[in-house]
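FYI, it's all coordinate maths here, none of it is from the lab. In this text the structure is predicted, and so the values were computed from the model without any measurement. Reconstructed Cβ throughout: ideal geometry from the backbone, glycine too, with neighbour counts over all protein chains shown.
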Amino acid sequence: MQTAQSKRSTLKLAALVLAGFAIAGLAACGKKEEAAPAKALVVGTDAAYAPFESQDAQGNIVGFDIDVVKAIAANQGLEVKFVNTPWEGIFNTLAQGDRDLLVSAITITAERKQTMDFSNPYFDAKQLIAVAEKSTVTKFADIKTLKVGVQTGTTGDDVVQGLLGKDSANIKRFESTPLALKELEAGGVQAVVADNGVVENYVNNNANFKFKTVSDDSFTPEQYGIAVRKGNTELLEKINKGLAAIKADGTYAKIHAQWFGGKK
Ligand code: ARG
């Protein structure tokens, strides 16, 4: 039999225990919040640009650029999430804050530097002309009177504008470089001008059509950079540090060999 007093003290004890649980619970919540991983950085990439960025059969975004950014992120303790983003408008997604960085075989140009900041260069590239094997084209000037396919807003587009004129009706613009090359196969254009790595990859992996590639000394060397929003120096510094680290420790060379078979 419990006395009234012992009943009261049992109640008190129960109240204390409950209060204790409540405090412990709150503390646990607080801790959980502290330990929550930082929000992943959103990386925009136009994944129709093998071997730099493309989608595999399962829809995963893969490629040289992807592995480079993953390695930089791992080195710097950053979390990244890749989002397929059409090339047209890709720079806007960065400016608007929908993407935190862009990796998309983006050539560093003076014009682009006005609206975004670039990492140190991570890859050298050059324009390359693709024509049918039977074509008589042997130099850039030879395509002046031909229908030429380019990816809209790329450095290939710029270079071709320089030869054919900005508003030339002979420039056929496509939303992706593979689409421009498909049109060359179909005969809708007689040449395509695009980054060497992508043209070579397409030509080597496409048995349906016989291509020939033509380089030209007038094409100026290009360098790819990772883009961040203008003024985001904190992120830019981490990217540059990570890039230097993966170059120094051999990770970059490994990734390069994986996607380009060791040849430069
Ligand atoms: N390097 C060229 C440029 O910056 C083409 C890049 C296109 N990249 C892509 N993923 N579609 O203009």
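Summary of computed values
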{"read-out": "Proxy reagent accessibility, fewest Cβ within 10 Å first, across 118, 260", "value": "260, 118"}
{"read-out": "Using alpha carbons only: equivalent-ellipsoid semi-axes of region 127-214, gyration tensor based, whole Å", "value": "18, 14, 11"}
{"read-out": "For residue 159, net neighbour charge (Lys/Arg +1, Asp/Glu -1) across residues whose Cβ lies under 11 Å away", "value": "-4"}
{"read-out": "Net charge of Cβ neighbours under 11 Å - reference residue 246; Lys, Arg +1; Asp, Glu -1", "value": "+2"}
{"read-out": "Inter-centroid distance (Cα atoms) of region 107-145 relative to region 183-202, Å", "value": "12 Å"}
{"read-out": "Simple label model, 7 Å out from Cα along Cβ direction - residue 56 to residue 223, nm", "value": "3.2 nm"}
{"read-out": "Spin-label pair residue 132/residue 109, simplified geometry with 7 Å Cα→Cβ offset, distance in nm", "value": "3.0 nm"}
{"read-out": "Over region 127-214, relative contact order from alpha-carbon pairs under 8 Å, at least 6 apart, %", "value": "46 percent"}
{"read-out": "Beta bridges per DSSP with both ends in region 127-214, % antiparallel, nearest 5", "value": "55 percent"}
{"read-out": "Estimated FRET transfer efficiency when R0 is 22 angstrom, pair residue 120-residue 230 (beta carbons, to 0.05)", "value": "0.85"}
{"read-out": "Residue 141-residue 253 FRET efficiency (beta carbon distance; Förster radius 41 Å; 0.05 resolution)", "value": "0.65"}
{"read-out": "Under Karplus coefficients 6.51, -1.76 and 1.60, residue-wise ³J(HN,Hα) of region 137-148 in Hz, glycine/proline x", "value": "5, 10, 8, 4, 4, 5, 9, 4, 9, 9, 7, 10"}
